[in-house]
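Written below as structure tokens is the structure these notes are about.
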Amino acid sequence: MSQTATMTGSAPATSGNAATDPRGPRPKPFFTPKKIMIYTTLIFFALYFLFPLYVMVVTSLKTMPEIRFGNIFALPSAPSFDAWVKAWTSACTGLTCNGLSPGFWNSVKITIPSTIVSIFIAAVNGYALVNWRFKGSEIFFAVLIFGSFIPYQVMLYPLVMLTRGMGIFGSLQAVIVIHTIFGMPILTLLFRNYFASLPQELFKAARVDGAGFWRIFFEIMLPMSLPIFVVALILQITGIWNDFLFGVVFAGPQNYPMTVQLNNIVNSAQGTPEYNVNMAATVLTGLVPLIIYFVSGKLFVRGVAAGAVKG
Amino acid sequence: MQPSVSIKDLSLNFGNVKVLERLNLDIAQGEFIVLLGPSGCGKSTLLNCIAGLLDVSDGQIFINGKNVTWEEPKDRGIGMVFQSYALYPQMTVERNLSFGLRVSGMAKDEIARRVARAAEILQIQPLLGRKPANLSGGQRQRVAIGRALVRDVDVFLFDEPLSNLDAKLRSDLRVEIKRLHARLKNTMIYVTHDQIEALTLADRIAIMKNGVIQQLADPHTIYNKPVNLYVAGFIGSPSMNFINGSLDGATFTADDGTKIPVGAYDFAAQRGAATKAVLGVRPEHILLGDAAQGMPFQTQAEIEIVEPMGSETLAWTKVAGIPVTFRCSSDIPLHAGDKVTVGFDIARGSLFDAQSESRL
């Protein structure tokens, strides 16, 4: 009987219930204990980190009387951007009362050149360390990496002497030079490891084709390095933008970056603390790194090297 | 005629590790040489030295009579094809092909002419506008060969060019490389660990081990008269059967006492006293049934395993207490447990000294 059943193509005699027998992809229920655990934890920590931001934004939109009322979690009854305008244009940073805007432009003037110069030099360094091994290149690299473990404070005074000797102490150039130097160890490590992960045979092929140091760098290596450039860009922009120490020491009062001016607003000892202005100023200062993170995430292009090697 | 490539006393050390040691090799004009060996034997290193991508520790390299030991790769008159293809990913096929020519500052119309010729030879005209990411493995390797082709060089270097391809493509491209060599008649140096590629392509094969060339000869000699145990075991699949024993005059006595007359063997030199020796017989030189009758040594054996390969059958058995493989036509019905008569074709076998491992 089972024979005829098989021959006509209906269900085999051994099966119990055709509707409930496992068949096809295994069902994946959404609410499993594991998933609930994961999402609960994720949501908890997301809230934990987002709460301060929420408080800051909400407070910056309130008026001082409303803030004094107490409820820091409450939404503003009449949202107003007055505190933001004041933070940008007229809050007192030390002796002057021009708000944060001069500091913003100082930070821009510091961040852009130091980022470009440090990334370029580090990229060349990393490329040379991987592909053009020279006598002592390993030691050179080790010394460079060791540099990243020395606390900045140790080098502060010698650097003050150095920049004063160069005649640039208390200027934008001084901060730019310092940032470029201090970005070198980590960026060189980054680029060296990235270039080391690219197929060596590409470099060899370019050598056989007759290309030299710079030609290989600009025409072969750079076009393949977009992902690591984006990483370096994020690191440098956020690092330099958020820097306080070098700015306050080397820039001089007229060139203070935004972070230093923010500190001067928030830590002002005179008058009543204007919490709404402080919050607005803080959010304004943090906005640049925040935007960089949001924008650059999309720039992470994968598979730039695809097609160069097997696959 | 002066050799195309000549390597004299070449040594290369990485720190204390000797990768190549006093290596000599002369390659004739238009010859197809295959460097064959297991990974780590120094064959790719040798190729990189010839290309100028590695500095040598000692010795000289001549290409077309010119000492190029200190020359840059581009000035050596070589083109190289890599295992991973090493195509520049951001450039189109056309720009990949022309990169070297553009670097050298060649006139545009000459570049276009050469690229067109290479594309025609390799049948890649439709691909010229594409990026490497949009090519299949076989197409990529063709472009990589084209990049060496446009340079119009005398010597082509191939570094395991087919190892990343699947079996079918590999055999297709193998034939194409052979065809290319027949058409261009350039000197080609080809590194591989695949003995089939070596046997099918080479004019001469250099078998390497630990940075030393073990044997340099044409494929037929390499296969039939290996100079030592290493070469004998490396070449051939399934590999040669080895029986340990001792040799006294024209009689080989296996370790279990089986006597095998080896009078038919063509000794390289007259031999004296009895010595420890190894008898090597290729699977296809062990004959079955009627064919076994004429052979100097015959024995009864029981088949243990049969591996039908389609065109032929491999069978595993035991002779003189040692596992032995033999090859026979797939028309002969064989089954595990069958008792058969097998005969050794001693004249085509190999005898090695057990101590020195070299051919007797």
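Laid out as a table, the results:
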{"read-out": "For B:C41, solvent-accessible area (1.4 Å; no DNA, RNA or ligand), Å²", "value": "0 Å²"}
{"read-out": "Scattering curve values for segment A:143-278, log₁₀ I(q)/I(0), Debye with Cα scatterers, q = 0.14, 0.21, 0.22 Å⁻¹", "value": "-0.83, -1.20, -1.25"}
{"read-out": "Size of the B/A contact, given as accessible area buried on both chains, probe 1.4 Å, in Å²", "value": "2300 Å²"}
{"read-out": "Positive-pole candidate from A:F218, A:I228, A:L245, dipole of segment A:140-280, charges at beta carbon", "value": "A:F218"}
{"read-out": "Other-chain or far-sequence residues with amide H under 5 Å of B:V81's (modelled H)", "value": "B:L157, B:F158, B:D159"}
{"read-out": "Per-residue mean of C-beta atoms belonging to partner chains within 10 Å, peptide A:194-206", "value": "5"}
{"read-out": "Under 18 Å from the B:D203 label point (7 Å along Cα→beta-carbon), backbone N, segment B:53-94", "value": "B:62-66, B:78-79"}
{"read-out": "Cα gyration tensor category, rounded, prolate or oblate, for chain A with a/c compared to 1.5", "value": "oblate"}
{"read-out": "Average beta carbon contacts from partner chains per residue of B:89-95, 10 Å cutoff", "value": "4"}
{"read-out": "Restraint check, B:K8/B:K74; A:K135/B:K43; B:K178/B:K209, Cα-Cα greater than 24 Å", "value": "A:K135/B:K43; B:K178/B:K209"}
{"read-out": "Whole-Hz couplings from phi, Karplus 6.51/-1.76/1.60, listed for segment A:225-231; x for Gly and Pro", "value": "10, 3, x, 6, 5, 5, 4"}
{"read-out": "J(HN,Hα) series, segment B:171-188, from Karplus relation 6.51 cos²θ - 1.76 cosθ + 1.60, nearest Hz, glycine and proline x", "value": "6, 5, 5, 4, 5, 5, 5, 5, 4, 4, 5, 5, 7, 8, 6, 7, 6, 10"}
{"read-out": "Neighbourhood charge, 15 Å Cβ-Cβ cut-off, centred on A:V143 and excluding it, Lys, Arg +1 and Asp, Glu -1", "value": "+1"}
{"read-out": "Simple Cβ-charge dipole of chain B, Lys/Arg +1 and Asp/Glu -1, about Cα centre, in debye nearest 20", "value": "1260 debye"}
{"read-out": "4 °C / 1.567 mPa s Stokes-Einstein diffusion coefficient of the protein assembly as shown, Kirkwood radius on C-alpha pairs, µm²/s", "value": "40 µm²/s"}
{"read-out": "Relative contact order (%) - segment B:5-233, alpha-carbon pairs under 8 angstrom, separation at least six", "value": "29 percent"}
{"read-out": "Placed amide H near B:A277: partners under 5 Å, 5+ positions off or other chain", "value": "B:G245, B:S246, B:L247, B:A354"}
{"read-out": "Environment charge at B:S311 (Cβ cut-off 13 Å; Lys +1, Arg +1, Asp -1, Glu -1)", "value": "-3"}
{"read-out": "Size of charge dipole - segment A:141-281 - debye, nearest 20, with Cβ of Lys, Arg +1 and Asp, Glu -1, no other charges", "value": "300 debye"}
{"read-out": "Anisotropy class of chain B from Cα gyration tensor, a/c 1.5 cut", "value": "prolate"}
{"read-out": "J(HN,Hα) series, segment A:147-161, from Karplus relation 6.51 cos²θ - 1.76 cosθ + 1.60, nearest Hz, glycine and proline x", "value": "x, 6, 9, 7, x, 4, 4, 4, 8, 4, 5, x, 5, 4, 4"}
{"read-out": "Distant-in-sequence amide H partners of B:V153 (H built 1.01 Å from N, under 5 Å)", "value": "none"}
{"read-out": "Net dipole in debye of the protein assembly as shown [+1 Lys, Arg Cβ; -1 Asp, Glu Cβ; about Cα centre; nearest 20]", "value": "1800 debye"}
{"read-out": "Dipole-positive endmost among A:Q153, A:F120, A:Y256 within chain A (Cβ charges, Cα centre)", "value": "A:F120"}
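The values are calculated or read from the model by the stated rules, or taken from the named source; none is laboratory data. A quick note: this is a predicted structure, and the numbers were derived from the prediction, not measured. Note that we place each Cβ from the backbone using ideal geometry, even for glycine, and neighbour counts take in every protein chain shown. Side chains included, ligands, DNA and RNA excluded: accessible areas come from the protein's heavy atoms. Shrake-Rupley method; radii C 1.70, N 1.55, O 1.52, S 1.80 Å.
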